[in-house]
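Heads up: the structure comes next, in structure tokens.
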Amino acid sequence: MSSSLIRGAEAEIHIKDSLIIKKRIKKGYRITEIDLRLRKSRTKREAKAIEKCISLGLSVPKLVSCSEKDFELSLERVKGKQLRQALNKTNFREYGDQIAVFLTVIHDAGIIHHDLTTSNMIAAGKKLFFIDFGLSFFSHKPEDKAVDLHLLERALQSKHPSLSDKMFRNVISRYNAKDKEEVLARLRIVQSRGRNKAKRSD
Ligand SMILES: Nc1ncnc2c1ncn2[C@@H]1O[C@H](COP(=O)(O)OP(=O)(O)OP(=O)(O)O)[C@@H](O)[C@H]1O
Ligand SMILES: [Mg+2]
């Protein structure tokens, strides 16, 4: 059996053959009680959101098992590259279309991902898989959906500055949630809040 390790922001990822074991590790800077609570709740959130996405037919790795007390999930391993490495000027529209469909479906089901970065998407050939639901939650509020979109915009701006404008515009034009108009109106407010904050800290 092969086993190797990837260290994520919050978790250790062990690769064992066709499985990924994701274990949330103790963070010394957090008070123990809070640390235990966060690791447990994020493990639980992640499992719940993945199950829901699977029931919606979305492209997420299958959940094989979940142990809240060990802060551990095992997931089907997606063989591919983080989108962060795979994204380029020839494929950004195709991947952007898949991001827009994913966002439309999760938002209509009341799921907010809340950590949409290109490290949390795996490109397996042309198909994109979505991972890392530890910060996700359930909400139908346009504000929460707008923040989800804005987090993606910020992630694109910081890691893919030469593509971010075109790609985000493409995602928005394909995003088709039931309350799209309200969400996009909210997004403009969230964006201007971000700009004001940046100005204040100049
Ligand atoms: N199912 C999977 N298949 C293949 N690779 C994966 C899978 N899950 C995670 N990875 C790899 O491990 C990395 C870290 O995983 P993930 O993003 O879930 O953890 P994290 O960022 O530490 O999570 P969190 O912020 O929830 O603690 C991913 O960017 C990806 O490269
Ligand atoms: Mg991650």
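Every number in this text was worked out from the coordinates using simple rules, so none of it is lab data. As the structure is a computational prediction, the values presented were derived from the model and not from experiment. Every residue, glycine among them, receives a Cβ derived from its backbone with ideal geometry; neighbour counts consider all protein chains shown.
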Practice problem: Treat each spin label as a single point 7 Å out from the Cα along the C-beta direction, and report the residue 16 to residue 44 distance in nm. | Solution: 2.5 nm
Self-check item: Nearest-ten-degree value, helix 32-55 long axis tilted from longest Cα axis of the chain
Solution: 70 degrees
Quiz item: Using the count of nearby Cβ atoms within 10 Å as a rough guide to exposure, how do 69, 23 rank from fewest to most?
Solution: 69, 23
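Would you work out the relative contact order for the chain, in percent, from Cα pairs under 8 angstrom that are 6 or more residues apart?
Details: 307 pairs, mean separation 36.4, N = 202.
Answer for the chain is 18 percent.
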Quiz item: Going by how many other Cβ atoms sit within 10 Å of their own, how do 34, 20, 15, 112 line up, fewest first?
Solution: 34, 15, 20, 112
Exercise. Calculate how steeply helix 92-108 sits against the longest principal axis of the alpha-carbon atoms of the chain, using the helix alpha-carbon long axis, and give the answer as 0 to 90 degrees to the nearest 10.
Key: 80 degrees
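Explain nothing, just the number: dipole magnitude of the chain about its Cα centre with +1 on each Lys and Arg Cβ and -1 on each Asp and Glu Cβ, in debye rounded to the nearest 20. List each step's numbers first, then the result.
On the way: 42 positive and 25 negative charges, 92 e Å.
Once rounded to the nearest 20, the dipole reads 440 debye.
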Exercise. Enumerate by residue number the trypsin sites (Lys or Arg not before Pro) in segment 80-181 meeting two conditions: DSSP loop (anything except H, G, I, E, B), and at most 15 other Cβ atoms within 10 Å of the site's Cβ.
Key: 89, 126, 178
Self-check item: Cα pair distances exceeding 24 angstrom across segment 81-200, given as percent
Solution: 21 percent
Self-check item: Selection from 67, 47, 34 lying farthest towards where the dipole of segment 3-76 points positive, charges on Cβ
Solution: 34
Quiz prompt | In nm, spacing of pseudo-spin labels at residue 141 and residue 197 (7 Å Cα→C-beta vector) | solution = 1.5 nm
Quiz item: Under a point-charge model restricted to the Cβ atoms of Lys and Arg (+1) and Asp and Glu (-1), what is the dipole moment magnitude of segment 81-200 relative to its Cα centre, in debye to the nearest 20?
Solution: 560 debye
Quiz item: When only Cα pairs under 8 Å and 6 or more residues apart are kept, what is the percent relative contact order across segment 67-177?
Solution: 35 percent
Practice problem: Report, in debye and to the nearest 20, how large the dipole of segment 3-76 comes out about its Cα centre when Lys and Arg carry +1 and Asp and Glu carry -1 on their Cβ. | Solution: 300 debye
Quiz prompt | Computed Kirkwood radius, in angstrom, where 1/r is averaged over Cα pairs of segment 53-96 | solution = 13.0 Å
Practice problem: With runs of 4+ DSSP H residues as the only contributors, calculate the mean residue ellipticity of the chain at 222 nm using -39,500 (n - 2.57) per run, divided by the residue total and rounded to the nearest 500. | Solution: -15500 deg cm²/dmol
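First measure r as the distance between the Cβ atoms of residue 184 and residue 62, then evaluate 1/(1 + (r/R0)^6) with R0 = 35 Å and state the FRET efficiency to the nearest 0.05. Kindly include the intermediate steps, with their values, before the conclusion.
Working: r = 33 Å, r/R0 = 0.94.
After rounding to 0.05, the efficiency reads 0.60.
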Practice problem: Would you calculate the separation in nanometres between label points at residue 108 and residue 89, each defined as 7 Å from the Cα along the Cα-to-beta-carbon direction? | Solution: 3.5 nm
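May I ask which of 44/166; 23/145; 81/166; 145/197 have a Cα-Cα span longer than 25 Å here? Mind dumping the intermediate values first?
Details: 44/166 35 Å; 23/145 28 Å; 81/166 22 Å; 145/197 20 Å.
Where the Cα-Cα span goes over 25 Å, the pairs concerned are 44/166; 23/145.
What number results when the radius of gyration of the chain, computed over Cα atoms, is divided by 2.2 N^0.38 Å? Before the final figure, lay out the partial values.
On the way: Rg = 17.2 Å, N = 202, 2.2 N^0.38 = 16.5 Å.
For the chain, the normalised Cα radius of gyration is 1.04.
Relative contact order for segment 3-76: what percent, with Cα pairs under 8 Å and sequence separation of 6 or more? Walk me through the intermediate numbers first.
Values: 110 pairs, mean separation 20.9, N = 74.
It rounds to 28 percent for segment 3-76.
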Practice problem: Within 10 Å of each residue's Cβ, count the other Cβ atoms and sort 74, 67, 136, 55 from fewest upward. | Solution: 55, 67, 74, 136
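Compute the length gained on full extension between residue 54 and residue 174: take 0.36 nm times their separation in residues and subtract their Cα-Cα distance, giving the result in nm to one decimal. Intermediate results must be reported in sequence, preceding the final value.
Details: separation 120, 0.36 × 120 = 43.20 nm, distance 2.17 nm.
Extra length available between residue 54 and residue 174 comes to 41.0 nm.
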